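Undergrad: Quick one: this structure, given as C-alpha cells, is what I'll be asking you about.
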Amino acid sequence: MVFWVFGYGSLVWNPGFEYDEKVIGFIKDYRRVFDLACIDHRGTPENPARTCTLERNEGAICWGAAYCVRGGQEKERMAMEYLERRECEYDQKTLVDFYKEGDDLQPAVTGVIVFTSTPDKESNKYYLGPAPLEDMARQIATAYGPCGNNRDYIFLLEKAMFDIGHEDGLVIELATEVRRVLGIGGVGIPKEKLVGSSHISLKSNIPALHLRPLPEAIAMDS
C-alpha cells in the first residue's frame, strides 16, 4: 500500500515524518484561508493561534507539496498516526487530485489525502471563521503556544511558498500586516527561527533551508 498526502501549511516546510518522495504541485478548487484555531502548538485555548485550512472555491488552485509514503505497512502506519496527531484540529480527510506544474489537465496523482476542516462553528470547535485582515494579523502577532509563536508560522509559510516559486497573495498580505503590527520591517525569516521543530518529529529527509541575510530588526524571541 502507498499513500500520498498534500501539505499546504506547515507540512510544506516541515513534514516531520519519513517519506519517500516530495513533489511540488497544486490541487484545484480550493484556496488557503486562515480560519482555523490552533490551541496546542502555536496557541492556547485562551489565546488561540490562527492557522490555515482550505476553503472550497471553484476555479481556485492551491499550491503546496505532496508527499509519498511507501515501503511497508508499519512505515505507513507510523506516518499516518503522526499526521493525525499533528493535524488534530482538522476534522476531515479529503481525497483530491494532485497536479504538477505545466500540466493542469491530467492529474499526476489521484486520491491524495488532504487534511481539511468543516467550516461550521457548531460542529467544529476549532473553526474560527473569517475575520478582517487587521484582526487576524493582531491575533497572529500575539498568539503563542508550547511549540512557538503564531507569527513565525505565517513568516515561515510566506518563505516556503516563495521557495517553491508560488507565493500566495493572502499569505503575503497577512505577513506584511503582522510585521506592521509588530513594528518591524523587511521580509523573510530569521535563521534562528528554523532551528528545531515546531512539532513532535519523526525522521525527515527534507534538506536544510538556506536563507538570505536579513535585517537585525526582524529577529524576535520565541
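The values are calculated or read from the model by the stated rules, or taken from the named source; none is laboratory data. These figures come from a predicted structure and were not determined experimentally. Virtual Cβ from ideal backbone geometry, glycine too; neighbours counted across all protein chains shown.
Undergrad: Output yes when any residue across the range 151-158 is within 16 Å of the chain's Cα centre (by Cα) and within 15 Å of Ala37 (Cβ to Cβ), and no when none is.
TA: yes
Undergrad: Further question on the same structure: If I ask for residues that are of a type in the set (D, E, K, R) and within 12 Å of the chain's Cα centre (by Cα), which ones from the range 1-41 would you list?
TA: If the condition is that a residue be of a type in the set (D, E, K, R) and within 12 Å of the chain's Cα centre (by Cα), then Arg32 is the only one that fits.
Undergrad: If you don't mind, there's one more thing I want to ask. Can you name the residue in the range 86-111 that is loosely packed, with under 12 Cβ neighbours inside 10 Å and modelled with pLDDT under 95 and, of all such residues, is farthest from Lys28 (Cα to Cα)?
TA: Once the filter is applied, the top-ranked residue is Gly102.
Undergrad: Related question: Out of (1) touching a residue at least 12 places away in the same chain (Cβ under 8 Å); (2) touching a Gly at 6+ places or on another chain (Cβ under 8 Å), the odd one out for Leu170 is which?
TA: Looking at each condition in turn, Leu170 falls short on (2).
Undergrad: Quick test for you: out of Glu158, Glu167, pick the one residue that is more than 24 Å from Cys88 (Cβ to Cβ), at pLDDT 95 or above, buried (at least 18 other Cβ atoms within 10 Å of the Cβ) and of a type outside the set (Lys, Arg).
TA: The match here is Glu158.
Undergrad: Can you tell me which residue among Ile172, Ile140 is surrounded by fewer than 20 Cβ atoms within 10 Å (Cβ to Cβ) and part of a helix (DSSP H, G or I)?
TA: Numbers: Ile140 fails: surrounded by fewer than 20 Cβ atoms within 10 Å (Cβ to Cβ).
Of Ile172, Ile140, the one residue that is surrounded by fewer than 20 Cβ atoms within 10 Å (Cβ to Cβ) and part of a helix (DSSP H, G or I) is Ile172.
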